[in-house]
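The values are calculated or read from the model by the stated rules, or taken from the named source; none is laboratory data. As the structure is a computational prediction, the values presented were derived from the model and not from experiment. Cβ atoms come from the backbone with ideal geometry, glycine included; neighbour counts cover every protein chain shown.
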Amino acid sequence: RDALIAASRYPPEGARSVSLAHPAADYGAVPLGAYLERSRGGPLLVGQIETATTLDPLDDLLPGLDVAFIGTTDLSVDLGRPGMLDDERVRARVTQIAAAAQHASVALGAWVASAEALAALSALRLRYVIVGSDLQLLRAGIASTLAATRRALA
């Protein structure tokens, strides 16, 4: 964990090497000092937790991260309750992760299949939420367009 965090942050917070040859630095057009100031804190570090247990305690894993992200689908499958976010075991693990994130002053995030599924996690004060996936949203859009087309042709 410490090596990952150090590799993602510029000195003095970390040990990441500096380059201006990328879009974030406008391919060198941004002065080095300005780029380093703007980049303070580095990229968003998200730790994804999607299992019933972790090799290291959460209190050791989360400090230094920006987000503790709960992979709800894999977590529910690992707990033997596929897709059941309201299940007691799933809720207990989610609550444990949320408490560890709060203790570490790390934002909490999660993936849910739909806005309706978000209700099961509403008490957690999520700050980083992914609702659905790109293909799931694309499929829903296509299905909606197809249904409207069929109605128009009927």
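Cβ-Cβ contacts under 9 Å between residues 6 or more apart (or on different chains), taken from a first residue in the range 49-60 that is over 14 Å from Val106 (Cβ atoms) to a second residue that is modelled with pLDDT under 90 and surrounded by fewer than 15 Cβ atoms within 10 Å (Cβ to Cβ), are listed as Asp56/Arg1. For the range 62-84, the set of residues classified as more than 30 Å from His22 (Cα to Cα) and under 17 Å from the mean Cα position of the chain (by Cα) consists of Ile70, Gly71, Thr72, Thr73, Asp74, Leu75, Ser76, listed by residue number. Residues that are of a type in the set (A, V, I, L, M, F, W, C), touching a residue at least 12 places away in the same chain (Cβ under 8 Å) and either crowded, with 18+ Cβ neighbours inside 10 Å or within 25 Å of Asp2 (Cβ to Cβ) (or both) do occur in the range 125-146, at least one of them. With the structure loaded, tell me whether Thr95 is in the same structural domain as Val131 (by TED's automatic domain parsing) and surrounded by fewer than 13 Cβ atoms within 10 Å (Cβ to Cβ) or whether it fails that test. When the stated conditions are applied, Thr95 passes them.
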